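Accompanying notes for the structure given below.
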Amino acid sequence: MVTATEDWSERSRAIAAALARVALGDRAAFATLYQQTSAHLLGVVLRIQKDRAQAEDVLQEVYVNVWRAAQGFDAGRSQPLTWLTSIARNRAIDSLRRRQSEPHTVSTSMGSDSEDDEHDMLQELASPDAGPLELLGQAADARALRGCIGALSGEQQQSLALAFYQGLSHAEVADQLRQPLGTVKSWVRRALQSLKTCLERATTG
């Protein structure tokens, strides 16, 4: 059973109480929880997923997850809004990963009244793409970076991803990973040092 600690704010206690009822399948409590927390969680998602429409879709996924997982909330481990924020961040990160893995296509054809008269607009434009030698260099740099990142520990990779790709502060990374702030700072510092050394070797080698 969810029990709020004495030092929680009234808002935290109200959210925890709503979560407890949601865990029992109370739909009215779920609507209350949405009203109490959706604005905050949308802000969290928008910090990661900048596209407003995508962010709103992610927010819906967050509350579906909350409906299913409300029984997993443990008041002894975190405050309710911290738990909800963690779910929102994870869903937003997953959304970015899905978008990055999707093929991006665009039609280059410009139609007219006759289907036979359709032509490709790219034929009228100079290509802005890099040449073969530049592409080869970019590919080599990307492989080197992936190899260097792959050599880091799992904790270092996670810390870097949250700090640099998601723009979280060291304190936010520590909260996300549930680790001491000093530990997270050490992971990030050592990871950056290792990356610098590895990339220098790759460049000179």
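Structural remarks
- Local net charge near A161, Cβ-Cβ under 14 Å (Lys/Arg +1, Asp/Glu -1): 0
- Take each peptide in 53-62, 23-32, count the other Cβ atoms within 10 Å of every residue, and average; sorted highest first, the result is 53-62, 23-32.
- Looking at region 41-85, the trypsin sites (Lys or Arg not before Pro) that sit in a DSSP loop and have at most 11 other Cβ atoms within 10 Å of their own Cβ are K50, R77.
- Carbon-plus-sulfur accessible fraction, region 1-79 (probe radius 1.4 Å, protein heavy atoms only): 49%.
- Accessible solvent surface per residue of region 1-102, calculated while the other protein chains remain in place, 1.4 angstrom probe, Å²: 57
- With every protein chain in place, region 144-196: carbon and sulfur % of accessible area (1.4 Å): 55
- Whole-Hz ³J(HN,Hα) from phi, Karplus 6.51 cos²θ - 1.76 cosθ + 1.60, for region 23-29, glycine and proline x: 4, 9, x, 7, 6, 5, 5
- Options G72, G43, A29, ranked by Cα towards positive dipole end of region 29-103, top entry (Cβ charges): G43
The values are calculated or read from the model by the stated rules, or taken from the named source; none is laboratory data. Values in this document were obtained by computation on a predicted structure and should not be read as measured data. Using ideal geometry, Cβ is built from the backbone for each residue, glycine included, and neighbour counts are taken over all protein chains shown. Just so you know, the surface numbers come from the protein's heavy atoms only, side chains and all, with ligands and any DNA or RNA stripped out. Shrake-Rupley method; radii C 1.70, N 1.55, O 1.52, S 1.80 Å.
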